[in-house]
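Beneath this line is the structure, given in C-alpha cells, with notes to follow.
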Amino acid sequence: IRGETALSMNKKKTKPRKSGGGGGGFAKKATAINIKTKKKAANPDFTYAGSIRPFPQSPTRIVDPAAVLSIPDYAIDGVPKKRGSAYEIEIKTPEEIEKMRKSGRCAREVLDIAGRLVKAGVTTDEIDAAVHAACVERGAYPSPLNYRNFPKSCCTSVNEVICHGIPDERPLE
C-alpha cells in the first residue's frame, strides 16, 4: 500500500542500532572457569554477563507415563508439535474449563511447595526434585521437563540469571 503503513500482528519495524554506546560492561568477555574445580570451562567461547556459573547437575528425572493423566507431545523427543494458530481464540467447553480450574489449583499447590523450600543452603536441584515429585503425585507431568530438551522439572534463576535457569547443585545463599 503506497503512502500508508501496513500493520500486521506481532511484527514491528525496528530501527538499526548504532554500535558502541555505554553499557558499562554487560556481556564483556570473561575468562570462563569452573568455580568449583578452577579449571577452564568446557566452552571457553561462551560470554557470561556476570559472575554466576553453572554447578553440576543431577541426572534428568524420569516420569512413568502410567503415573500421570497424560504426557505432552514433546515428552519423548523434546519437540513440541504445533497445534492450531496462535492468532485464533479457542472456545472452551464447560468440561475443559473445569479441567483448567483443577490444573490451576494443582499448579498453585506445587508452586507453594517450591516456594516453602527457598532458603539459604537449599540447592535448586532439591527444589526441582520436590517439584517433580509433587507434580507426579498429583497425576501431572512437569511441563518444563524435556520441553525443547530442557532437562529439569522447573526453572530456577538466581541473581543475574534472567530466565530458564537449570536447577543444579548450587546452594542458595
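The values are calculated or read from the model by the stated rules, or taken from the named source; none is laboratory data. Owing to the predicted nature of the structure, the values given are computational and were not obtained by experimental measurement. Note that we place each Cβ from the backbone using ideal geometry, even for glycine, and neighbour counts take in every protein chain shown. Quick note on the areas: whole protein, heavy atoms, side chains included, nothing else; ligands and nucleic acids left out. Shrake-Rupley method; radii C 1.70, N 1.55, O 1.52, S 1.80 Å.
Counted by Cβ distance under 14 Å from Arg116, the other residues give a net charge of -1, where Lys and Arg count +1 and Asp and Glu count -1. Peptides 90-97, 127-134, ordered by how many other C-beta atoms sit within 10 Å of their residues on average, highest first, read 127-134, 90-97.
Coupling constants for the stretch 53-66 follow from the phi torsions by the Karplus curve (6.51 cos²θ - 1.76 cosθ + 1.60, θ = phi - 60°), and in residue order they are 10, x, 9, x, 10, 6, x, 5, 6, 9, 10, 6, x, 6 Hz; glycine and proline get x. Taking amide H as placed 1.01 Å from N in the peptide plane, Thr123 has its amide H under 5 Å from the amide H of Leu172, each at least 5 places away in sequence or on another chain. The distance between label points at Lys119 and Asp73 comes to 4.3 nm (points 7 Å beyond Cα on the Cα→Cβ vector). Heavy-atom accessible area with a 1.4 Å probe sorts Val136, Val79, largest first, into Val79, Val136. Counting only protein heavy atoms and a probe of 1.4 Å, the accessible surface of the stretch 43-128 is 60% carbon and sulfur. In this structure, the amide hydrogen of Phe55, modeled 1.01 Å from its nitrogen in the peptide plane, lies closer than 5 angstrom to those of Glu169, Arg170, counting only residues at least 5 positions away or on a different chain.
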